[in-house]
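The values are calculated or read from the model by the stated rules, or taken from the named source; none is laboratory data. Quantities reported herein were computed from a predicted structural model and do not represent experimental measurements. Here the Cβ positions follow ideal geometry from the backbone for every residue, glycine too, while neighbour counts run over all protein chains shown. Heads up: the accessible areas ignore ligands, DNA and RNA and are worked out on the full protein's heavy atoms, side chains in. Shrake-Rupley method; radii C 1.70, N 1.55, O 1.52, S 1.80 Å.
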Amino acid sequence: MTEKTPFVDIRHAQKAYGDLEVLKDINLTVSKGEIVAIIGPSGSGKSTLLRAINDLDPLSSGEVLLEGVQVNKTLPHRQYEKHINEMRQHIGMVFQHFNLFPHLTVRENVTMAPKLLKGLSNAEADQLAEEQLAHVGMSERIDYYPSQLSGGQKQRVAIARALAMKPKLMLFDEATSALDPELVEEVNLVMKKLAEEHMTMIIVTHEMDFAASVCDRVIFMDGGVVVEEGPPSVVFQNPTQERTKNFLRKHLAQYAESSK
Amino acid sequence: MDIDLILRVYPHFLKAALVTVELSVLTVLLGLVCGAAAAAARLSRFAILRFIGAAYVSLMRGIPALIFLFLLYFGGPQIGIQLTAFQAGVIGLGINIGAYMTETMRGAIISVDHGQAEAARTLGLSQFQSFRKVILPQAMRLMIRPLGVNINAQIKGTALVAAISVVELTYTAQRYIGSTYKPFEMFFLAGILYLIIITVTGKMISFLDRRVRLP
Ligand SMILES: Nc1ncnc2c1ncn2[C@@H]1O[C@H](COP(=O)(O)OP(=O)(O)OP(=O)(O)O)[C@@H](O)[C@H]1O
Ligand SMILES: [Mg+2]
């Protein structure tokens, strides 16, 4: 990979639901090891953009490239399926509502995809599950079912499940929004640990303090466009755009309120 | 009530009840096969298959099972389909209940949270792998009880084949009324036997449901 090829490259991303334009010509690059937060009001298109990166919500036009390879290729159905399944193995995703597989144990949640897609033996898969679950502090619950876990534990297992595929990039869509306040920290700690290991991460979040402490860059979206971006110190302390200021005023006030 | 009469005829009713059980098992099996195929068709990405699946369901739910049975058994020879009454009963009722089972299965499949498929696809699983490993195991658990309702209806529905003279429980009751003139006893006995078959089946379904229930 040359200096010029960005790790993730989003070019002219545009997405419309009927007449509603949700993403309006978004251009964004992320370099390897970078940790990017996407913030913005509800409905601004954060999830849509994140989900366009692994083509879960396909763009109306524009391109997404991972290490120079186009993710959202237009191909005949079978070829597209083969291509996208291959690409998605490199892109981990963590959802707001965890989406753990309720019929599988924690161990099986983690090992299913590596076994199916990488042909791991049972022994190899077990070892992988043990490693990944140790990494997120969930070793003790390896043979539990998701319904027997707390929200924070579920999310940590979901992160381990994604990491078990050894992705190059991790996408987080409000990973802590569905959690009780006292469970947020355990998930944030896992994400911080990943940051220290230089995992490339794109994190949609409502937690401004987390974004400020963990991320290299903050992207503020509103109405389907990137209004402002920069290092957290700049975006949070000296925003230049009026819309950013308004948003931060509300959110930082809320934050101040809730942490009293 | 003529208890002596009941005690005298009940071995014949037991034999007939076995035919009812046999009919139930075969029609339910055929119904499950038709239901699975049509549910797959209805969920296919090919419009033509979706249309065929939907047409089958509305056709079978739109005409009385008895008419379909008559069509097959009495009308069949006219278009070159020659079936015994038992065969016509199994095929006719099996295809008919299959339409209801289609909707049961489809309903269970689409009620699995969409996030499940998303999580599976995000990991890199193919559509088929995600269906096999993630959607289907959850849908199967969801469909056991509603399929139990279909099966319950089908067991009672086997009585229709009495109309084409298959010697099962209802037909047997009618035949004994002809010789004994005791309709109360005969239908009472048949009713009890249906009740037993249905209760046992219901227990088996509950057992299966509990066996596969998730913690
Ligand atoms: N499937 C859909 N059909 C139609 N409109 C949609 C669909 N999905 C999202 N939208 C619309 O697209 C816009 C952007 O949605 P998106 O989920 O990306 O916002 P968001 O920034 O993630 O918001 P939130 O903070 O509430 O999660 C919203 O106006 C939403 O109503
Ligand atoms: Mg969102």
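Here A:E21 clears all of (1) acidic (D, E); (2) away from ligand 1 (no atom under 11 Å from the Cβ); (3) part of a strand (DSSP E or B) except the condition numbered (2).
Just to check your reading of the model, which residue among A:V106, A:V30, A:V110 is within 14 Å of chain B (Cβ to nearest Cβ) and within 18 Å of the chain's Cα centre (by Cα)?
Being within 14 Å of chain B (Cβ to nearest Cβ) and within 18 Å of the chain's Cα centre (by Cα) holds for just one of A:V106, A:V30, A:V110, which is A:V110.
The C-beta contact set for region B:39-60 (first residue without any contact (Cβ under 8 Å) to a residue 12 or more places away in the chain, second residue open to solvent by 70 Å² or more (accessible area, probe 1.4 Å) and in a helix (DSSP H, G or I), distance under 7 angstrom, 6+ apart or interchain) comprises B:S44/B:R50.
Those residues that are without any contact (Cβ under 8 Å) to a residue 12 or more places away in the chain, over 21 Å from the mean Cα position of the chain (by Cα) and not in a helix (DSSP H, G or I), I need them from region B:69-122; list them, please. B:G80, B:I81, B:Q82, B:D113 - these are the residues of region B:69-122 that are without any contact (Cβ under 8 Å) to a residue 12 or more places away in the chain, over 21 Å from the mean Cα position of the chain (by Cα) and not in a helix (DSSP H, G or I). For B:I151, the stated conditions hold: it is touching a Gly at 6+ places or on another chain (Cβ under 9 Å), modelled with pLDDT of 95 or more and open to solvent by 20 Å² or more (accessible area, probe 1.4 Å). Summed over region A:63-107, the residues that are within 16 Å of ligand 1 (Cβ to nearest atom) and either of a type in the set (F, W, Y) or not in a strand (DSSP E or B) (or both) give a count of 5. Of all the listed residues (A:S44, A:S60), the sole one being crowded, with 21+ Cβ neighbours inside 10 Å, small (G, A, S), over 15 Å from the mean Cα position of the chain (by Cα) and within 16 Å of ligand 1 (Cβ to nearest atom) is A:S44. Selection of region A:27-78 for residues being β-branched (V, I, T) and within 15 Å of ligand 2 (Cβ to nearest atom) yields A:I38, A:I39, A:T48, A:I53. For region A:160-189, a residue qualifies if it is aliphatic (A, V, I, L, M), open to solvent by 20 Å² or more (accessible area, probe 1.4 Å) and touching a strand residue (DSSP E or B) at 6+ places or on another chain (Cβ under 6 Å), but none of them does. Restricting to region B:110-135, and then to whatever is surrounded by fewer than 16 Cβ atoms within 10 Å (Cβ to Cβ) and under 18 Å from B:A41 (Cβ atoms), can you tell me which residue is nearest to the other protein chains (Cβ to nearest Cβ)? So the residue we want is B:Q127.
Of all the numbered requirements in (1) within 18 Å of the chain's Cα centre (by Cα); (2) within 11 Å of another protein chain (Cβ to nearest Cβ); (3) under 30 Å from A:K24 (Cα atoms); (4) not aromatic (F, W, Y), A:R78 misses one, and that requirement is (1).
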